[in-house]
Structure formats: structure tokens, C-alpha cells
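Input: a single structure, listed below in C-alpha cells.
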Amino acid sequence: MNQKHIGTFLKELRLEHSWTQQQLADQIGVSNRSVSRWETGSTMPDLSLLVMLSELYGISVDEILDGERKGDDMIDNTTMGKVADYNAQINERKDRRMTVLFSIAFVMFIGYCIIEANGLADTAPWSNVAEACLGFVAGILACGVLYASGRMQQISRAKLRLKGYLLGKKHNDDSTR
């Protein structure tokens, strides 16, 4: 799967519909920055957003993942395999990010322990450093619990629904004027 190729294809599809990045973002409940990142190939949309994009553009998820249109007779039954590969790549990226964050948190916790062990936690600059280290560690642990429990995905979906609702309400308010 070539992210840059897929990004170029997503941009072509958006331009065919004469939409700006902001217009597309409003329709699917993301930021225009996210759309820009997809189109440059630096990130990829989540699986649920891929389905939304395929419906908006009237093409299959398989075609998006291939980065090209296929004739009706060309579509094969490998879509589920591609979707599984795509989902595995996304999960792998998330896991790497969490590993990096937990490593940083571990180093910060060690730093906190060193400051505390040397009795520096009560002195002016070191007390702030110790508190920052401990706060970061607590935040990462909370994120880790949310991520591991699957709550982070639920929060993300709820955020998308709320944004879609608010954008829909805004558009309805604008049209009643």
C-alpha cells in the first residue's frame, strides 16, 4: 500500500467534486488539516472514514486502497485482505506511538525518582521539574488505560459524532436565516 499514491488519488477525487479540503472535512467531521495530511500521504484516514469517503465518492474502499479506479469487471475479492492489512498498519502505528510515549514516561519517572532521592523536590526550580515529570507520567498512564481498554476509540467516535452534529446544526441554522 503506497500512502503517497493513495493520497494523490484522494486529492483527485476531491477535486473532481470541486470541493475544498474544508468542505470535505465538514462533510465527514474531521479537520481540513487531516484531509491535507491524507492527500500528502503523511497519514491515512481511519477505517470508518475510508468507508465514508468511499460512499461520498461513489467508489469502493478497495479502489481507495489501491489508489485507482477499477472497472466493474476488475474488482476482485481481495478487499477484506486489504482492509485487514490497512487496519493492521494503523494499529501498528498506534502501538509504536504508545511505546514511545511510555518510554518517555518511564524516563521522566526515573528523573522524578532521582530528584526526590536527592532531596531536591523541595527546592525552587526542581520542585516544578518534579511536578511536571509526575504530571506527564500520570497523563500517559491515563491515556494508556484508555487506549488499552478501547475507550480511546469510543471517545474518538463520540467526538466525530458530536462534531458532525454541531456542524449539521450550524448548517441548519445558516439555512434558516
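The values are calculated or read from the model by the stated rules, or taken from the named source; none is laboratory data. Here the structure is a predicted model, which is why all the values come from computation and not from measurement. For neighbour counting, all protein chains shown are included, and Cβ atoms are generated from backbone atoms with ideal geometry for every residue, glycine included.
Worth pointing out:
- Of all the numbered requirements in (1) buried (at least 17 other Cβ atoms within 10 Å of the Cβ); (2) outside any helix (DSSP H, G or I); (3) among the aromatic types (Phe, Trp, Tyr), Phe9 misses one, and that requirement is (2).
- The condition (being at pLDDT 85 or above and either surrounded by 13 or more Cβ atoms within 10 Å (Cβ to Cβ) or in a helix (DSSP H, G or I) (or both)) is satisfied by just one residue among Ile75, Ile90, Ile59: Ile59.
- Scan of segment 105-150 for residues that are over 25 Å from Glu92 (Cβ atoms) and of a type in the set (Phe, Trp, Tyr), ordered by number: Phe109, Tyr112, Trp126
- Checking each residue in segment 115-130 for being exposed (fewer than 13 other Cβ atoms within 10 Å of the Cβ) and in a helix (DSSP H, G or I) picks out Ala117, Asp122, Ala124, Pro125, Asn128.
- Put simply, of Ala142, Ala124, Ala105, Ala130 the only residue that is aliphatic (A, V, I, L, M), under 29 Å from the mean Cα position of the chain (by Cα) and over 23 Å from Asp46 (Cβ atoms) is Ala105.
- Residue check, Val100 at pLDDT 85 or above and not assigned by the TED database to the domain that holds Val51: yes
- Filtered by the rule that a residue be part of a helix (DSSP H, G or I) and touching a residue at least 40 places away in the same chain (Cβ under 8 Å), segment 17-27 gives a lone residue, Asp26.
- Filter pass, Val51 being crowded, with 20+ Cβ neighbours inside 10 Å and either part of a loop (DSSP other than H, G, I, E, B) or β-branched (Val, Ile, Thr) (or both): no
- Segment 132-160, subset surrounded by fewer than 11 Cβ atoms within 10 Å (Cβ to Cβ) and not hydrophobic (A, V, I, L, M, F, W, C), residue farthest from Tyr112 (Cα to Cα): Gly150
- Candidate set from segment 8-46 (those that are touching a Phe, Trp or Tyr at 6+ places or on another chain (Cβ under 7 Å) and modelled with pLDDT under 90); member that is farthest from Arg157 (Cα to Cα): Met44
- Any hit, segment 102-114, residues being touching a helix residue (DSSP H, G or I) at 6+ places or on another chain (Cβ under 9 Å) and either among the acidic types (Asp, Glu) or within 20 Å of His5 (Cβ to Cβ) (or both): no
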